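All remarks here apply to the structure that follows.
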Amino acid sequence: MPNAILFDIDGTLVDSNNFHVLAWAEAFHAAGHDFRLRQLHDQVGKGADNYVRALLPDLPGSEADRLGDEHGRLFRKHYLHRVKPFPHARDLLARCKGEGLRVFLASSASKSEVEHHLGLLDARDLVDGFVAADDVAHSKPCPDIFAAALDKAGVGPDQALVVGDTPYDIEAATKVGVRSVAVRSGLFADETLEGAIAIYDDVADILARFNDSPLARG
């Protein structure tokens with residue numbers, strides 16, 4: 001039975017993955033690198049440090065940093081205002097809180113974006129804390145973000161559960177010893193979510209079946 005739930009945000013609580021793909025496509029194109037949208041989507045869930053390296057492993061660090069900064073600028077300018085919460089995202093956070101669980105957000109997004117999404121979800125009173133990419137040395141699929149969230153929550157890996165939408169959430173959670181539940185709302189195929197102890201369509205599906213889900217405290 002978990003004592004804390006560590007929620008990913010993009011693709012899990014808010015519908016933003018495709019907007020990130022478009023911002024990455026623009027940033028790469030402007031720098032002279034073109035990728036298919038599917039290639040770009042397949043890396044969503046990683047922070048800029050690992051995202052750029054996955055697609056352009058030989059790119060100098062300074063250029064990779066500039067690409068990451070440009071993606072963030074384009075996303076905030078053109079897409080952030082278009083992001084919407086998934087149906088019943090706030091309701092699931094409220095249900096977890098009402099069950100006595102500690103609720104933390106653990107995201108590869110920047111701190112400013114996490115703050116924005118907290119307001120979008122109207123969830124400041126439901127979330128006990130969050131960890132963003134700014135808070136750690138390496139983003140997902142490195143374990144740093146979930147390790148930091150565990151520290152903030154004051155619980156061990158066996159007392160927590162991750163909810164995320166990408167293979168990188170599962171990989172990062174596994175590296176730190178936390179079980180994970182996956183949602184399909186990030187548009188990753190089930191076979192890529194191997195390692196999750198359960199897969200749901202979206203957060204509304206988890207909420208509808210909460211009592212029988214791994215999130216329930218019994």
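The values are calculated or read from the model by the stated rules, or taken from the named source; none is laboratory data. The structure presented is a predicted model; accordingly, all values stated were derived computationally and were not measured. Backbone-built Cβ (ideal geometry, glycine too); neighbour counts: all protein chains shown. These accessible areas exclude ligands, DNA and RNA; they are computed on the full protein's heavy atoms, side chains included. Shrake-Rupley method; radii C 1.70, N 1.55, O 1.52, S 1.80 Å.
Considering only the stretch 42-58, how many residues are of a type in the set (A, V, I, L, M), in a helix (DSSP H, G or I) and modelled with pLDDT of 95 or more?
Kept after step one, since they are of a type in the set (A, V, I, L, M), are these residues of the stretch 42-58: 44, 48, 52, 54-56.
When the remaining residues are screened for being in a helix (DSSP H, G or I), the result is 48, 52, 54-55.
If we keep only those that are modelled with pLDDT of 95 or more too, we end up with 52, 54-55.
Counting residues in the stretch 42-58 that are of a type in the set (A, V, I, L, M), in a helix (DSSP H, G or I) and modelled with pLDDT of 95 or more gives 3.
Any residue in the stretch 189-218 that is touching a residue at least 40 places away in the same chain (Cβ under 8 Å) and over 15 Å from R179 (Cα atoms) sitting within a Cβ distance under 8 Å of a residue that is of a type in the set (K, R) and surrounded by 11 or more Cβ atoms within 10 Å (Cβ to Cβ)? List the pairs, counting only those 6 or more apart or interchain.
D202/R184; L207/R95; F210/R95
Return a yes/no flag: does the stretch 18-31 have any residue that is out of contact with any Lys or Arg (no Cβ under 7 Å at 6 or more places or on another chain), under 18 Å from D201 (Cα atoms), surrounded by fewer than 22 Cβ atoms within 10 Å (Cβ to Cβ) and at pLDDT 95 or above. Steps first, please.
Looking only at the stretch 18-31, we keep the residues that are out of contact with any Lys or Arg (no Cβ under 7 Å at 6 or more places or on another chain), and these are 18, 20-31.
From what's left, under 18 Å from D201 (Cα atoms): 18.
Still in the list and also surrounded by fewer than 22 Cβ atoms within 10 Å (Cβ to Cβ): 18.
Then keep just the ones that are at pLDDT 95 or above; that gives 18.
Looking through the stretch 18-31, at least one residue is out of contact with any Lys or Arg (no Cβ under 7 Å at 6 or more places or on another chain), under 18 Å from D201 (Cα atoms), surrounded by fewer than 22 Cβ atoms within 10 Å (Cβ to Cβ) and at pLDDT 95 or above.
I'd like the full set of residues that are assigned to a helix (DSSP H, G or I) and over 27 Å from A204 (Cα atoms), limited to the stretch 134-145.
At the first step, the residues of the stretch 134-145 found to be assigned to a helix (DSSP H, G or I) are 134-135, 144-145.
Residues satisfying the conditions are D134, D135, D144.
Filter the stretch 43-76 for residues that are without any contact (Cβ under 8 Å) to a residue 24 or more places away in the chain, within 27 Å of I170 (Cα to Cα) and open to solvent by 40 Å² or more (accessible area, probe 1.4 Å) and give the result.
R53, A54, P57, D58, G61, D65, D69
Give the residues of the stretch 57-90 that are under 19 Å from G45 (Cα atoms) and among the hydrophobic types (A, V, I, L, M, F, W, C), sorted by residue number.
A64, L67, L74, F75, L80, V83, F86, A89
Taking only the stretch 98-129 into account, find how many residues are crowded, with 16+ Cβ neighbours inside 10 Å and basic (K, R).
Selection size over the stretch 98-129: 1.
From the list L6, L37, exactly one residue is open to solvent by 30 Å² or more (accessible area, probe 1.4 Å), among the aliphatic types (A, V, I, L, M) and touching a residue at least 12 places away in the same chain (Cβ under 8 Å). Which is it? Break it down stepwise before answering.
Working: L6 fails: open to solvent by 30 Å² or more (accessible area, probe 1.4 Å).
Exactly one residue qualifies, and that residue is L37.
Give the residue that is most open to solvent (accessible area, probe 1.4 Å), with candidates limited to residues of the stretch 77-91 that are closer than 21 Å to G129 by Cα and over 16 Å from the mean Cα position of the chain (by Cα).
In this case the residue turns out to be H88.
Please state which one of L118, L126 is of a type outside the set (V, I, T), in contact with a Lys or Arg (Cβ under 9 Å, 6 or more places away or on another chain) and within 19 Å of S213 (Cβ to Cβ). Walk me through it before giving the result.
Values: L118 fails: within 19 Å of S213 (Cβ to Cβ).
On inspection, the qualifying residue turns out to be L126.
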